[in-house]
Structures are given as structure tokens and as C-alpha cells.
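For reference, the structure discussed in these notes is given below.
Since every read-out is calculated from the coordinates, none of them should be taken as a lab result. On a predicted model such as this, the values are computed, not experimentally measured, just so you know. Cβ sites come from the backbone with ideal geometry, for glycine too, and all protein chains shown count toward neighbours.
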Amino acid sequence: MDIFQKANPYTFNTHLQEHCSASGDFESLQCIRDLCYCSDSVTGQVQGQIVKMAYINKLSCYNKIHETGIMKECEKELQRVRSLHFRFLLKGLEVFGLETFQCDLDGTFSPRQCDLENCVCTDKNGIGIKSYFIGIEDFEKLKTEMTCDCARDVRGDSQFPTLKCKGYGNYFPIQCFLKDQCFCVDMDGDVISKMMNKTEKLERFCENILRNLDDPSEITSISEDY
């Protein structure tokens with residue numbers, strides 16, 4: 001998608017074009033303007049016939065989820081804004097400030113939504129998640145670190161009500177369950193240590209692991225640091 005955007009910066013997303021899935025592959029059903037087809041998930045190449053959008057229910061990759069259209073809410077809004085921006089450009093006018101949101105490659109709202117002064121965590125529909133945000137005082141320091149992965153996981157799955165998130169939606173490096181039984185997690189919330197008893201040294205140990213994930217030889221052993 002980055003290639004398409006760089007090649008056509010002014011017309012990118014002003015009309016229907018290739019879609020990505022949440023995993024980064026090509027969606028099975030693709031539409032470019034008014035023409036639709038089934039695609040290979042890896043190459044994006046056309047599989048079978050090409051039909052007008054009015055007849056997409058004839059395609060083998062058509063699913064009931066497509067009955068309301070193939071565009072997600074963020075993608076719809078993005079296309080509307082970029083189409084408006086492009087029409088102004090054709091008249092020789094450059095308009096700023098129309099695009100105040102970010103979409104993921106699958107067309108849903110990105111977890112982190114930022115303006116010039118703050119960032120908030122949102123769900124896939126663009127709705128804010130609790131009070132996870134960074135204000136103007138921490139904006140420059142944390143805006144690139146903020147992922148909102150923890151906030152999204154807490155919002156999306158009631159099985160994890162005890163997950164501990166930082167104020168801006170990232171995972172705390174130490175997560176505890178049961179009776180002070182804890183383990184270390186990475187930025188994605190994946191477990192990166194064995195279960196241990198909670199002590200004052202454990203958080204420092206987990207932070208040490210995180211800092212050195214790219215160089216395991218530098219990780220201090222439990223016996224030395226914990």
C-alpha cells in the first residue's frame with residue numbers, strides 16, 4: 001500500500017482500490033473503482049472473472065459480510081475526505097486539516113489517533129477506549145512509543161480483565177495473576193519469562209529483558225538480577 005500511495009499521492013484512496021486484511025495479506029475480494037474480482041491472498045493477482053460491483057454476489061469469494069459493502073467505516077471517511085481534498089486541488093486550492101484520523105491497512109481505525117496536541121486509544125470503530133491517552137506535556141516523548149495494544153486487548157476480550165495497561169494504553173512489562181504470580185511481557189503482550197513471585201526487583205528484571213530482546217546475551221539472568 002505504501003508503494004501505491006507514493007506513486008499516486010494525490011489520488012490515493014480517492015476511490016475504491018486494493019484492500020489488505022488485518023494480517024497484511026490481500027483481501028480475497030478486491031474492487032478497483034467499479035470492477036471487482038477474487039484475488040490471491042499473497043500476490044493479489046486476479047483469480048477467475050472480473051465483474052461490475054453490482055454483481056459481486058456472483059463471485060466465489062463473495063460472503064454475507066459484504067452485503068453492506070466492502071469498505072470499513074474509517075476507509076469510507078478517508079475516501080470522502082481525500083476525494084474532497086483532490087477536488088480542491090483540481091481547482092488550484094490546497095486545503096489542510098481535513099484528514100484528522102488514521103486508518104489501518106484493513107480499513108478500520110488505527111489504535112492510536114493523534115492531533116497536534118494529544119493522542120488517544122480507540123477501538124476499530126474509532127471510539128475512545130476508557131481514558132487511555134497522552135496529553136500535550138508528554139506528547140513529543142511518548143507519541144511514537146504509544147501502541148494502545150493493551151487497551152485494545154482489554155476492550156476486545158473480557159477474558160483479560162486483569163491486564164495491566166499504562167496510562168497511554170501500552171502493556172506494563174510485568175503482568176500478575178492469581179496470588180502475586182507474575183511474568184514479563186513484551187510490547188505486544190506476549191509472555192517472555194517464566195512465572196515468578198512478585199517482588200520489588202521483578203519490574204526491573206522485566207524492563208531489563210525488554211531492553212535487550214534484540215541481544216539475548218545482554219539479558220541479566222534471574223539469579224543475578226532477580
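Per-structure values
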{"read-out": "Among the residues listed as L178, L78, L98, L142, the single one being surrounded by fewer than 19 Cβ atoms within 10 Å (Cβ to Cβ) and farther than 24 Å from I209 by Cα", "value": "L98"}
{"read-out": "Every residue from the range 162-182 that is at positive phi and touching a Phe, Trp or Tyr at 6+ places or on another chain (Cβ under 6 Å)", "value": "G169"}
{"read-out": "Strands (runs of 3 or more DSSP E) contained in the range 110-184 and holding at least 2 residues under 15 Å from the mean Cα position of the chain (by Cα)", "value": "112-114, 119-122, 128-134"}
{"read-out": "Candidate set: the range 56-75, residues that are closer than 15 Å to R33 by Cβ and in contact with a strand residue (DSSP E or B) (Cβ under 8 Å, 6 or more places away or on another chain); chosen: the one surrounded by the most Cβ atoms within 10 Å (Cβ to Cβ)", "value": "E75"}
{"read-out": "So I70, is it within 22 Å of E18 (Cα to Cα) and not polar (S, T, N, Q)", "value": "yes"}
{"read-out": "Residue check, G135 small (G, A, S) and without any contact (Cβ under 8 Å) to a residue 24 or more places away in the chain", "value": "yes"}
{"read-out": "Residue within the range 62-78 that is over 24 Å from the mean Cα position of the chain (by Cα), over 30 Å from Q113 (Cβ atoms), touching a residue at least 12 places away in the same chain (Cβ under 8 Å) and not in a helix (DSSP H, G or I) present", "value": "yes"}
